[in-house]
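For reference, the structure is listed below as C-alpha cells.
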Amino acid sequence: MQLFYNSDIKQGDTTFFFDKEESKHIVKVLRKKESDKIFITNGLGFLFQSEIILASEKKCEVKITKETFQEPEKFYTHIAVAPTKMNDRLEWFLEKATEIGIHEITPIICDHSERKVYKIDRAEKIIQAAMKQSLHYYIPKINEPISFAQFVKLNIDGQKFIAHCEETDKKSLKNEVNKDEKVTILIGPEGDFSTKEINLAIENEFIPVTLGNTRLRTETAALVACHTIALINE
C-alpha cells in the first residue's frame, strides 16, 4: 500500500482534491489515473481509502470510498534532544524514530550546544515522508526549539528522565520505564549536559538514567531511548 499524507482531509469528507504540487506528483510522476485507488491519512489516526475521479496535474480529485480510524497507542514517547552540529545526523534520528513510533520531539538548546538555532520546516517534511513510508496514521509532533532551562520547568505529565554521561548514581532506562505511560526523556548535545543542567533537571523531578555501557552520539542515544520505550510497550 502506498500512503499519502494531507492534514486537510477530515472525518466525514466524501471527496477531496490535492493541491497543484501534490497533484502533479500523483499524476505525472506516479502516473496515477482515474479509477486508481489512493490511500490517504491526515496524521490523526484516520485512513481514507479513495478512488481518483479527476486525474489532472493541476487538481487531482478523489472520492472517499472507505474511512477507518486507528485508536492511539496507550503509551507516549516525547524526546527532547539537543540539535546536532551536523544537521543530517538529527535528520537521520527524525526519520528512524518516526519509523519506530515516536510521538513528540522538542529540540532543546543547551549550555554545550554547538547548534543554537534549528528550523523545523525541513524536519516536518522528513517526518511526513517517514510516516508515509512506515504506514503510520499518526504524525509525530515537532515543537519549536526551546532552551533547556525553560523546558525542564514546563508542566510535563508522566515519567521524566535525563540521560547523561557523568559518573553519578543513575538508573537503567529499560528498568524504569512503565508500560502504557507517557515518557519524556532529555538527550544532550555532543558535549553532554552541563552539571548545572543535570542538577536543574533533578530539581524538577527528572530521573537520571543510563542507556548502556558505551558513550553514544546524540542521535544514537535519542534513537536508543525511543526504541527502548517502544520495545517495553510491545
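A few notes on this one:
- Count of the stretch 165-187 residues which are in a loop (DSSP other than H, G, I, E, B) and either among the charged types (D, E, K, R) or open to solvent by less than 10 Å² (accessible area, probe 1.4 Å) (or both): 7
- Residue in the stretch 36-50 that is open to solvent by 100 Å² or more (accessible area, probe 1.4 Å) and touching a helix residue (DSSP H, G or I) at 6+ places or on another chain (Cβ under 9 Å) present: no
- Matching residues in the stretch 188-216 - criterion: being open to solvent by 20 Å² or more (accessible area, probe 1.4 Å) and not in a loop (DSSP other than H, G, I, E, B): 195, 196, 199, 200, 202, 203, 207, 208, 210
- Residues in the stretch 1-35 that are of a type outside the set (A, V, I, L, M), in contact with a helix residue (DSSP H, G or I) (Cβ under 6 Å, 6 or more places away or on another chain) and assigned to a strand (DSSP E or B): 1 in all.
- Single match in 84, 98, 77, 106 (criterion: open to solvent by less than 10 Å² (accessible area, probe 1.4 Å), in contact (Cβ under 8 Å) with a residue 24 or more places away in the chain and assigned to a helix (DSSP H, G or I)): 98
- Flag: residue 220 does not match the condition of being open to solvent by 40 Å² or more (accessible area, probe 1.4 Å), in a loop (DSSP other than H, G, I, E, B) and β-branched (Val, Ile, Thr).
- Of all residues in the stretch 121-162 being of a type in the set (Val, Ile, Thr) and assigned to a loop (DSSP other than H, G, I, E, B), the one that is most open to solvent (accessible area, probe 1.4 Å): 139
The values are calculated or read from the model by the stated rules, or taken from the named source; none is laboratory data. Since the model is a prediction, treat every value here as computed from it, not as a measurement. Methodologically, a virtual Cβ is constructed for each residue, glycine included, from the backbone with ideal geometry; neighbour enumeration extends over all protein chains shown. These accessible areas exclude ligands, DNA and RNA; they are computed on the full protein's heavy atoms, side chains included. Shrake-Rupley method; radii C 1.70, N 1.55, O 1.52, S 1.80 Å.
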